[in-house]
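One structure below.
Every number here is computed from the coordinates shown, using simple stated rules; none is lab data. Note that the coordinates shown come from a computational prediction; the quantities given were computed from them, not determined experimentally. A quick note on method: Cβ atoms are made from the backbone with ideal geometry, for glycine too, and the neighbour counts reach across all protein chains shown.
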Amino acid sequence: MSVRIHIENTPNPRTLKFVTSQTLLESGGRDFPNLDRAMSSPLAKRLFHLTGVEGVYIGTDFVTVTKGDRFDWQNLAPIVTEAVLAHLAAGEPILGEEGTQSHAATDDGVALKVQEILDEYIRPAVAQDGGDVIFDSYEDGVVRLHLQGSCSGCPSSTLTLKMGIENMLRNQIPEVREVIQV
């Protein structure tokens, strides 16, 4: 069976979402903001060797690639598409042995509610734009989150964080006063 890829724009002009017809990860996603962090992913490592690639995020059925400011998508997108297709056609692994990632574990009731809302409502919506939101911590009414993929460095990420995520969490969890990006 041949793998197909279609490209979707994201709210971040520096990123494109390469959606595959093949499952890449069973669940969640992995962020590779630089080549050093990509060593646990043969696919991310391959993409970082392309001139112009500055970030890679791998989701369940997509790869979000961040390009450098000096490069344009007209030239880079076909090269990224070819690299992903070649990797998948060769049957190479997406992640290496050390490539699994888990969310921060907590016993705090508010933190658990925050993670449930993130997993059920927010992360699926953000994934549609090629990104992810990862829970970092909750303390004294403040939720700390990591924005990944197309969300990292996106011009509208502050709006998403404050108007979207913070409003939803504050409406559903009275203890939450603020949401910040770490």
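Listed by chain and number, the lysines whose C-alpha is less than 24 Å from the C-alpha of Lys113, apart from same-chain residues fewer than 8 away, are Lys162. Applying the criteria of a DSSP loop state and at most 10 other Cβ atoms within 10 Å to the trypsin sites (Lys or Arg not before Pro) of segment 1-65 yields Arg4.
Annotation note: trypsin sites (Lys or Arg not before Pro) in segment 135-182 located in DSSP loop regions with a Cβ neighbour count of at most 13 within 10 Å are Arg177. State whether segment 54-93 is rounded, prolate or oblate according to the following rule on the C-alpha gyration tensor (a ≥ b ≥ c being the square roots of its eigenvalues): a/c under 1.5 gives rounded; otherwise a/b larger than b/c gives prolate, and the remaining case gives oblate. Judged from the Cα gyration tensor, segment 54-93 comes out oblate (a/c at least 1.5, b/c at or above a/b). Scanning the chain for GluC sites (Glu not before Pro) in DSSP loops with at most 10 neighbouring Cβ atoms within 10 Å leaves 99-182 as the longest stretch between them. Farthest toward the positive end of the dipole of the chain, out of Phe135, Leu47, Ile58, is the Cα of Leu47, where the dipole comes from beta carbon charges about the Cα centre. The alpha-carbon atoms of segment 18-91, seen along their principal axes, cover 34, 23, 19 angstrom, with the largest extent given first. The angle between the Cα long axis of helix 73-89 and the longest principal axis of the Cα atoms of the chain comes to about 80 degrees, rounded to the nearest 10.
Write down the Kirkwood hydrodynamic radius of the chain, to one decimal in angstroms, obtained as one divided by the mean of 1/r over all alpha carbon pairs. For the chain, inverting the mean 1/r across all distinct Cα pairs yields 16.9 Å. Amide H contacts of Phe32: Val56, Tyr57, Ile58, each under 5 Å away and 5 or more positions distant or on a separate chain (H built 1.01 Å from N in the peptide plane; Pro and chain starts excluded). For the chain, adding -39500 (n - 2.57) for each run of n ≥ 4 DSSP H residues and dividing by the number of residues yields -7000 deg cm²/dmol at 222 nm.
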